[in-house]
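As C-alpha cells, the structure follows; a few thoughts come after it.
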Amino acid sequence: MNIVTVLGARPQFIKAAPVSRVLRQQHAEVLVHTGQHYDENMSDVFFAELDLPQPDVNLGVGSGPHGAQTAAMLAGIEEVLLAEKPDWVLVYGDTNSTLAGALAAAKLHIPVAHVEAGLRSFNRRMPEEINRVLADHAADLLLCPSQTAVDNLSAEGLTQGVHLVGDVMADALLWATERAPTQSSILEQVGVSEQGYVLATVHRAENTDDPVRLRAILDAFAALEDSIVFPIHPRTQARIADLNLKSQIANLNAIAPVGYLDMVRLMQAARMILTDSGGIQKEAYWLGVPCVTLRDETEWVETVQSGWNVLTGANTARIMAVVRDFVMPGVRPALYGDGQAAERIVAALYG
Ligand code: UD1
Ligand code: UDP
C-alpha cells in the first residue's frame with residue numbers, strides 16, 4: 001500500500017512518529033510537510049530526534065490568515081496526490097494542515113484516514129473545532145483515541161469506518177520517557193530541580209489573540225510563588241511583544257520552544273503543569289502530574305473527570321487558587337489506550 005501522510009504542525013510530528021515507524025515496516029509512505037510550522041525548534045528538531053524520516057515534500061506554506069494558509073496547502077497537496085495516487089491519505093489532529101489534507105484527498109476520491117477523530121470541544125469559535133468536524137466528515141477511516149470520541153461521531157451520524165484505537169500520543173510518550181532522563185539536560189540548562197517548578201505553555205488563539213485573557217494568564221504566572229518554566233510558542237511571543245507585556249514575564253524562566261525529549265523531561269519533573277495545549281493535558285495525566293487547563297472547556301473530558309485536570313479559564317484568581325489548593329487524587333485510571341495505538345492504526349488501514 002502507498003500512503004501519503006500530511007502534517008505540518010508540532011503536535012503532528014510527535015503523533016506521526018510512532019505510526020510512521022510501524023507503517024514503514026510493510027508499506028510505502030510519502031511524507032508531505034505543509035510548512036505550517038517552520039522554525040527550527042517548531043519543526044526540524046522533531047524530525048531529528050523522533051526518528052521521523054525527513055519529509056519527501058515540503059510545501060513551504062508558512063504562516064498566514066486561515067483562508068490563505070489553508071488554500072495554499074490545498075493547492076500544494078492536490079498536486080502531490082495527483083502525482084502519487086496513494087491508496088490512503090493519513091491526517092492527524094485538528095490543524096489547518098489536517099483540514100487541507102482531508103479536503104484535498106476527498107475531492108480526488110482518495111480515501112482519508114483521520115487519526116484523533118471524534119474529539120469535540122463543542123465550541124465552534126475554535127479554529128480547531130471547525131477543522132476536526134470537517135476532517136471527520138471527509139474521512140473514510142475514523143481512528144478514535146477514546147470512547148467519548150466514538151460517541152461524539154455517532155451523535156453526528158458517523159458510524160462507518162470508526163475504530164477505537166487509543167491515543168498515539170501515549171505511544172510517543174512511552175518512547176520518549178525511556179530516553180528523556182538520559183538524553184536531556186534541560187533541567188540543568190534552565191537551572192531547575194525535580195519538583196522545584198511549575199511548567200507553563202500558552203498558545204491557543206482564544207488566549208493569545210484576546211489581550212484580556214492573555215494579560216489575566218500572565219498576571220497569574222507573575223503572581224505565583226512557584227518558579228515557572230515557560231517555553232514560549234512563537235505566536236505567544238509575538239503577542240507579548242505587540243502588547244508590551246515583556247515586563248510580565250521578566251521574572252519567569254521564559255525560554256524558547258524546546259524539542260520533545262526536553263519537553264518530556266520538563267513535564268516529568270514539574271510539580272504541576274499549567275497549559276492550554278491539547279496534547280500536554282494528556283501527557284500530564286499519563287505522567288501523573290497535576291494539570292491546570294487555561295481554557296473554558298476541553299476535549300479531554302476524562303482527565304477532568306478523574307480530578308487530575310482542572311479547568312480555570314483565563315481567570316487570574318481561579319488559576320492561583322487551583323495551583324495553591326490542588327489535591328492529588330488517590331487513583332489514576334488508565335485512559336486513552338495502552339501505547340499500542342500505532343499498531344492498531346496500521347492494522348485498520350490494512351484491513
Ligand atoms: C497551530 C494549530 C493549533 C495547534 C498548534 C500547535 C491551526 C489553526 N492551529 O496553531 O491547533 O494547537 O499549531 O502548536 O492550525 N509561527 C512562527 N514560527 C513557526 C510557526 C508559527 O513564528 O514555525 C508564528 C507565526 O507568527 C504564526 C503564528 O505563530 O502566524 C501562528 O502559527 P499557526 O501555525 O498559524 O498557528 P498556531 O498558533 O501555531
Ligand atoms: N511540546 C514540545 N515542546 C514545547 C511545547 C510542546 O515538544 O516547547 C510538545 C508537547 O509535549 C506535546 C505537543 O508538543 O507533545 C503539543 O503541542 P502543542 O501544545 O503545540 O499543540 P496542541 O497539542 O495543543 O495541538
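Here is a yes/no grid of residues against (1) within 13 Å of ligand 1 (Cβ to nearest atom); (2) under 13 Å from Phe326 (Cβ atoms):
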| site | (1), (2) |
| --- | --- |
| Ala270 | no, yes |
| Gly278 | yes, no |
| Cys291 | no, yes |
| Gln305 | no, no |
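Of the residues making up segment 159-182, those that are under 19 Å from Ala106 (Cβ atoms) and in contact with a helix residue (DSSP H, G or I) (Cβ under 6 Å, 6 or more places away or on another chain) are Val162, His163.
For beta carbons closer than 6 Å, sequence separation of 6+ or different chains, a first residue in segment 43-65 that is closer than 13 Å to Val32 by Cβ and a second that is away from ligand 2 (no atom under 13 Å from the Cβ) and in a loop (DSSP other than H, G, I, E, B), the qualifying pairs are Asn58/Gly35; Leu59/Thr34; Leu59/Gly35; Gly60/Gly35; Val61/Thr34; Val61/Gly35.
Yes/no matrix, rows are residues, columns are (1) over 26 Å from Glu178 (Cα atoms); (2) more than 13 Å from ligand 2 (Cβ to nearest atom); (3) not hydrophobic (A, V, I, L, M, F, W, C):
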| residue | (1), (2), (3) |
| --- | --- |
| Pro11 | no, no, yes |
| Pro18 | no, no, yes |
| Val22 | no, yes, no |
| Thr34 | yes, yes, yes |
| Asp44 | no, no, yes |
| Glu49 | no, no, yes |
| Pro53 | no, yes, yes |
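Considering segment 1-51 alone, what residues qualify as being basic (Lys, Arg) and closer than 23 Å to Thr201 by Cα? Arg10, Lys15 - these are the residues of segment 1-51 that are basic (Lys, Arg) and closer than 23 Å to Thr201 by Cα. For Glu297, the conditions (1) outside any loop (DSSP other than H, G, I, E, B); (2) within 16 Å of ligand 2 (Cβ to nearest atom); (3) surrounded by fewer than 18 Cβ atoms within 10 Å (Cβ to Cβ); (4) not polar (S, T, N, Q) are fulfilled apart from (1).
Residues that are over 22 Å from Gln340 (Cα atoms) and over 24 Å from the mean Cα position of the chain (by Cα) number at least 2 in the following helices (runs of 4 or more DSSP H) confined to segment 135-197: 186-190. Does Glu156 satisfy the criteria of being more than 15 Å from ligand 2 (Cβ to nearest atom) and free of Cβ contacts under 8 Å to residues at least 24 places away in the same chain? In short, yes. For segment 231-270, the tally of residues that are within 7 Å of ligand 2 (Cβ to nearest atom), of a type in the set (Val, Ile, Thr) and part of a loop (DSSP other than H, G, I, E, B) stands at 1. Of everything listed in (1) away from ligand 2 (no atom under 12 Å from the Cβ); (2) in contact with a Cys (Cβ under 7 Å, 6 or more places away or on another chain), the single unmet condition for Ile273 is (1).
Every number in this text was worked out from the coordinates using simple rules, so none of it is lab data. Source: prediction; values computed, not measured. Don't worry about glycine lacking a Cβ; one is built from the backbone with ideal geometry, like all the others, and counts go over all protein chains shown.
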